[in-house]
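The values are calculated or read from the model by the stated rules, or taken from the named source; none is laboratory data. Predicted model, so just to flag it, every value in this text is computed and none were measured. Positions of Cβ are backbone-derived with ideal geometry, glycine not excepted, and every protein chain shown enters the neighbour counts. Heads up: the accessible areas ignore ligands, DNA and RNA and are worked out on the full protein's heavy atoms, side chains in. Shrake-Rupley method; radii C 1.70, N 1.55, O 1.52, S 1.80 Å.
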Amino acid sequence: MQTHLLKLEPPYKFIFDEKYGRAGKVIAVLLKETDDPEGPEHGRTVSVPIVDLAYTWDGTDLADCTVLCDEFFPRMSFDRFIRCLMMVPESAWFPNGLFSVYEFGSQLTNLGIRVLFPGEGETEGQFDVTMKTKLLLGIDQGEYWVENSFGDFFFNGRYQSREALRSAILTRRNDYYRAFPRKTFRIRLTTDNADFKDLVEEVNNTPYERDE
């Protein structure tokens, strides 16, 4: 295997690795030319990102990453934030993995990236809105599930009990609040499934206490 280092020029891009759920500022690319016993025409070049602080994202191809924004304008839309969540495989989500809504929000904050909500201006804190999301809920072969929702927020998962489902929805809702502690917004969940309306209302009526 041959390798070549390609240094990039500013403005550097912030990228999101959907396979592992990590964000970083890519400053260089390590080009790995793989050998193939059948001949060079069967080989391929993998572009491994090197992010700020010279950390190499082994196991990641730049082609599989999403560009969030660049360092000259470190802003991204809330819609892109949600799309990134939907790209991460279920195995990477907490508790099976380390990824969560809060973890992703914390990564962006540490990188200096602001997520702009729909209708939000550039002055953080001057934004107050109720954001509604309709949940798809049901039971399948004894498992309780919540899937991609209609609305502003993304919920997903399968659980062994109704209580586990309620707890997971509440945790995910709270993670959105935790991910954006300096924004003023409210999440209102709804569902068309009559068997789960009491569960959803219980979540809605459970207040979230913001961290001081």
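At 4 °C and a viscosity of 1.567 mPa s, what translational diffusion coefficient does Stokes-Einstein give for the chain, taking Rh as the Kirkwood radius over Cα pairs? Give it in µm²/s as a whole number.
Translational diffusion coefficient: 67 µm²/s.
How large is the accessible surface per residue of the chain, computed with a 1.4 Å probe and reported in Å² as a whole number?
57 Å²
By a straight-distance test (C-alpha under 18 Å), which lysines pair with Lys13 as possible cross-link partners, with residues fewer than eight away in the same chain excluded?
Cross-link targets: Lys25.
With everything on Cα atoms, drop me the angle between helix 101-111 and the longest principal axis of the chain, reported from 0 to 90° to the nearest 10.
Result, in degrees: 50.
How far apart, in nanometres, would the label points at Tyr208 and Ser77 be if each is projected 7 angstrom from Cα along the Cα-to-Cβ direction?
So the two model labels end up 2.2 nm from each other.
Show log10 I(q)/I(0) for segment 84-203 at q = 0.12, 0.13 Å⁻¹, two decimals, from a solvent-free Debye sum over equal Cα scatterers.
Treating every Cα as an identical point scatterer, log10 I(q)/I(0) equals -0.47, -0.55.
Once amide H atoms are built 1.01 Å from N in the peptide plane, which residues 5 or more positions from Arg114, or in another chain, come under 5 Å H to H?
Arg75, Met76
Calculate log10 I(q)/I(0) of segment 78-154 for q = 0.13, 0.21, 0.27, 0.28 Å⁻¹, where I(q) comes from the Debye formula with a single equal point scatterer on each Cα and nothing for solvent.
Log10 of I(q)/I(0), two decimals: -0.52, -1.15, -1.38, -1.39.
Using alpha-carbon positions, what is the distance between the centroids of segment 117-196 and segment 87-103, in Å?
Measuring centre to centre over Cα atoms gives 16 Å.
Given labels modelled 7 Å from the Cα in the Cβ direction, how far is it in nm from Gln160 to His4?
5.3 nm
Using alpha carbons only, what's the Rg to Rh ratio of segment 50-112 with Rh from Kirkwood?
Dividing the radius of gyration by the Kirkwood radius yields 0.95.
Could you please state how large a percent of the accessible area of segment 132-212 is carbon and sulfur, counting protein chains only and using a 1.4 Å probe?
Summing carbon and sulfur atoms, their accessible area is 45 percent of the total for segment 132-212.
Helix 162-179 versus the longest principal axis of the chain: what is the Cα-based angle in degrees, 0 to 90, to the nearest 10?
That works out to roughly 60 degrees.
With θ set to phi - 60°, apply the Karplus curve 6.51 cos²θ - 1.76 cosθ + 1.60 along segment 136-141 and write out the HN-Hα couplings as whole Hz, x wherever there is a Gly or Pro.
These are the phi-based 3J(HN,Hα) values: 9, 10, x, 10, 9, 6 Hz.
What's the ranking of 49-58, 24-33 by average number of surrounding C-beta atoms within 10 Å, highest first?
24-33, 49-58
Whose amide H sits under 5 Å from the amide H of Gly157, counting only residues 5 or more places off or on another chain, with H placed in the peptide plane?
Val146
What is the angle, in °, between the Cα long axis of helix 78-87 and the longest principal axis of the Cα atoms in the chain? Nearest 10 is fine, range 0 to 90.
With both axes taken from Cα atoms, the answer is about 70 degrees.
Straight-line reach from Lys134: which lysines have a Cα under 18 Å away, not including same-chain ones fewer than 8 places off?
Lys197
Any idea which of Pro207, Thr66, Leu135 is furthest toward the positive side of the dipole for the chain, if Lys and Arg beta-carbons carry +1 and Asp and Glu beta-carbons -1?
After comparing all options, I get Pro207.
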